[in-house]
Amino acid sequence: MNTDPHLNAETFSWQPNAKLLFLVLLMMPLLISLGYWQLDRAQEKREILAEFKANQESQPVGFELLDTSKNLQYRQVQFVGELDASRRVLLDNRVRNGRPGYEIFEVLTLASSELKILVNRGWVQASLDRNQLPEIEPVPGQVLLRGSLYKVLRGGLQLDDGVRAVDSWPGRVGWISTERAAEIFGDEFFAYQLRLESDSIGALTTGWPTVSVQPEKHTAYAVQWFVMALVLLLLTINANSNLKAWFKYKMAKTESEAL
């Protein structure tokens, strides 16, 4: 008597493959978890964009009117103070429109409180000669700077640029945050940096993406992971049973009965 379920199409039968099932049990939770992770990322990006819209639509305020207990990411502000061009930081490997360049950072000392603000003046194109740094016009005296607040988001891989201290100015670094600025400059900094608006005094080439990947793209990635999980499930059922032969038998029987 033939007990191979793949040769008996009249009834649905299982013929489990232990090794294959073990592999599927390892892969299925991974695929599903990756799908839900992408959905979480999509929700995070939606929240970031919502905060951006709300803070961008608010009226610019001075430092004294900021509510530091709230999330100030992308909050529109206008600060009065003096920029220090003598200690300038160049953020390396900033590419725009396919051209390599730097983002220029200087320290703003607020006129009202002497607090230090890390200011991103914007982007400049780099020379083909790595030893030739760009020449940037300084902003003299006390000025009113307009822009939005930004804090480097947690997560992601931060490569070591090898810079422990700046021996000569301007300093060139591979990454910058307000925490690292405190180490480099030896001063206490406000938790958010200031990204200048294009019409602000001292602005270079400005404009930054709010998020690198839109929520819809994360959702599409999630759908792909879930589809892969579904396909794996169907392939597993087919490989461990006579599903295909049984389905064909049922279809053929239904057609013959309909005639």
Here's a check for you: in segment 178-227, which residue that is of a type in the set (Lys, Arg) and either touching a helix residue (DSSP H, G or I) at 6+ places or on another chain (Cβ under 9 Å) or closer than 23 Å to Leu49 by Cα (or both) is modelled with the lowest pLDDT? Lys217
I'm told Pro16 meets every condition in (1) surrounded by 15 or more Cβ atoms within 10 Å (Cβ to Cβ); (2) more than 27 Å from Ile117 (Cα to Cα); (3) more than 25 Å from the chain's Cα centre (by Cα) except one. Can you identify the failing condition by its number? (1)
Test each condition in (1) more than 20 Å from Ile201 (Cβ to Cβ); (2) exposed (fewer than 15 other Cβ atoms within 10 Å of the Cβ); (3) among the acidic types (Asp, Glu) for Glu51 and report the one that comes out false. (2)
Just one listed residue, out of Arg130, Arg121, is assigned to a loop (DSSP other than H, G, I, E, B) and of a type in the set (Lys, Arg), and it is Arg130
Residue tally, condition surrounded by fewer than 22 Cβ atoms within 10 Å (Cβ to Cβ) and touching a strand residue (DSSP E or B) at 6+ places or on another chain (Cβ under 8 Å), over segment 124-147: 13
State yes or no: is Gly156 closer than 17 Å to Gln193 by Cα, at pLDDT below 95 and either surrounded by 13 or more Cβ atoms within 10 Å (Cβ to Cβ) or in the same structural domain as Trp175 (by TED's automatic domain parsing) (or both)? no
I want to confirm something. Restricting to segment 105-118 and keeping residues that are not in a strand (DSSP E or B) and not polar (S, T, N, Q), which single residue is nearest to Arg172 (Cα to Cα)? Leu115
Scan segment 74-96 and give yes if some residue there is modelled with pLDDT of 85 or more, in a loop (DSSP other than H, G, I, E, B) and either surrounded by 12 or more Cβ atoms within 10 Å (Cβ to Cβ) or touching a strand residue (DSSP E or B) at 6+ places or on another chain (Cβ under 9 Å) (or both), otherwise no. yes
All but one of (1) on the phi > 0 side of the Ramachandran plot; (2) surrounded by fewer than 18 Cβ atoms within 10 Å (Cβ to Cβ); (3) of a type outside the set (Ser, Thr, Tyr) hold for Leu115, so report the exception by its number. (1)
Subset of segment 171-191 (residues that are crowded, with 17+ Cβ neighbours inside 10 Å and assigned to a helix (DSSP H, G or I)): Thr178, Arg180, Ala181, Ile184, Phe185
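The values are calculated or read from the model by the stated rules, or taken from the named source; none is laboratory data. Because the structure is predicted, anything quoted here is derived from the model rather than measured. Because the Cβ atoms are built from the backbone with ideal geometry, glycine has one as well, and the counts that use them run over all protein chains shown.
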